[in-house]
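The block underneath contains the structure these notes are about, expressed in structure tokens.
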Amino acid sequence: MDLKELALKVDIAAFNAKPIKQLSLENSFDLQDAYEVQRLAMEERYMRGEKLIGLKLGFTSYAKMEQMGVHDMIWGRLTDAMLIENRGELNLNKFIHPRAEPEICFRVSKDIHGEIKLEDLDGYIDAMAPAIEIIDSRFEHFKFSLEDVVADNCSSSALVVGDWTKARRDIGDLKMQMYFNDRLEAEGSSKDILGDPWKSVQAATRLAAQYGESIKAGYLIMAGAATAASFIQAGTEVSAVVEGMGEVGFRVAS
Ligand code: OOG
Ligand code: MG
């Protein structure tokens with residue numbers, strides 16, 4: 001099977017915001033192949049001028065695993081084209097069926113080579129911020145297998161990052177809320193992210209090393225959603241609050 005062909009399929013689906021059938025329905029490929037499809041699909045984006053700005057972890061919370069029926073941690077790549085300014089606007093025409101989820105974002109302050117131990121991460125991360133990830137599966141009905149979603153760069157499509165605060169370790173139980181037009185849409189705790197979001201950062205260093213991706217100073221690491229994701233609609237003001245870190249938000253254009 002031609003992995004490059006699968007990569008072009010997901011890339012074109014993302015580029016045109018047109019859903020496709022799950023790749024796994026007609027192709028048999030394993031997890032390692034899926035990460036290779038993701039890498040090849042990202043090459044297409046880089047060729048169009050997009051720049052890698054960081055990594056994201058997925059299915060780091062039970063709420064997300066249950067919602068999507070996938071029970072293994074996954075990772076994907078973030079590019080500058082996915083960034084939405086805090087309090088900025090998101091235009092739905094570039095998306096298929098986008099959903100939003102509340103997250104915590106970490107900022108890398110020093111190049112990371114290889115896996116870093118949990119207790120040594122302080123030397124590499126200088127700041128953290130409340131964030132919202134907008135995910136948009138390229139597969140029909142937002143349905144996928146583990147291999148499908150990995151090939152599709154873990155549904156990554158956009159992110160909004162709030163104001164940075166100095167990184168600290170004691171963030172193991174912070175309330176995380178997402179609001180749609182000031183109505184509480186989802187609520188969880190940072191402990192729902194692997195028991196401690198720093199564990200997501202640790203996992204990112206392990207996975208990046210395993211797959212030969214480098215993590216550079218200035219990169220962002222999205223730790224994964226604390227709650228299930230919700231579909232967003234035109235005209236909605238979406239915001240997220242992480243206890244002690246402040247608020248982040250965007251408006252869905254109408
Ligand atoms: C896959 C992406 C999962 C998270 O934070 O758990 C993810 C999906 O749900 O489509 O980003
Ligand atoms: Mg996410």
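The values are calculated or read from the model by the stated rules, or taken from the named source; none is laboratory data. Computed from a prediction, not measured in an experiment: that's the story for all the values here. We place every Cβ from the backbone using ideal geometry, glycine too, and count neighbours over all the protein chains shown. Note: accessible area is taken over every heavy atom of the protein model, side chains too, but ligands, DNA and RNA are not part of it. Shrake-Rupley method; radii C 1.70, N 1.55, O 1.52, S 1.80 Å.
Computed values, structure above
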{"read-out": "Nearby lysines by direct alpha-carbon distance to Lys21 (threshold 18 angstrom, same-chain neighbours under 8 apart not counted)", "value": "Lys4, Lys9, Lys143"}
{"read-out": "Structure-based [θ]222 nm, the chain - -39500 (n - 2.57) summed over DSSP H runs of at least 4, per residue, nearest 500", "value": "-7000 deg cm²/dmol"}
{"read-out": "Accessible heavy-atom area order of Met68, Met42, highest first, probe of 1.4 Å", "value": "Met68, Met42"}
{"read-out": "FRET E, pair Leu118, Glu243, Förster distance 22 Å, beta-carbon r, rounded to 0.05", "value": "0.50"}
{"read-out": "Cα shape, the chain, gyration tensor, a/c 1.5 rule", "value": "oblate"}
{"read-out": "Trp164 accessible area, assembled protein chains, probe 1.4 Å, Å²", "value": "90"}
{"read-out": "Percentage relative contact order, the chain, counting C-alpha pairs under 8 Å, at least six apart", "value": "28"}
{"read-out": "Surrounding net charge for Lys9, when Lys and Arg each add one and Asp and Glu each subtract one, Cβ distance under 12 Å", "value": "-3"}
{"read-out": "Accessible surface, the chain, averaged per residue in Å² (probe 1.4 Å)", "value": "43"}
{"read-out": "Solvent-accessible surface (1.4 angstrom probe) belonging to Leu220, in square angstrom, nearest 10", "value": "20"}
{"read-out": "Separation of the Glu89 and Lys110 label points, Cα + 7 Å toward Cβ, nm", "value": "4.3"}
{"read-out": "Within a Gaussian network of the chain (alpha carbon springs, distance under 10 Å), most fluctuating of Phe139, Phe15, Phe95", "value": "Phe15"}
{"read-out": "Accessible area (Å², 1.4 Å probe, nearest 10) - Met47", "value": "140"}
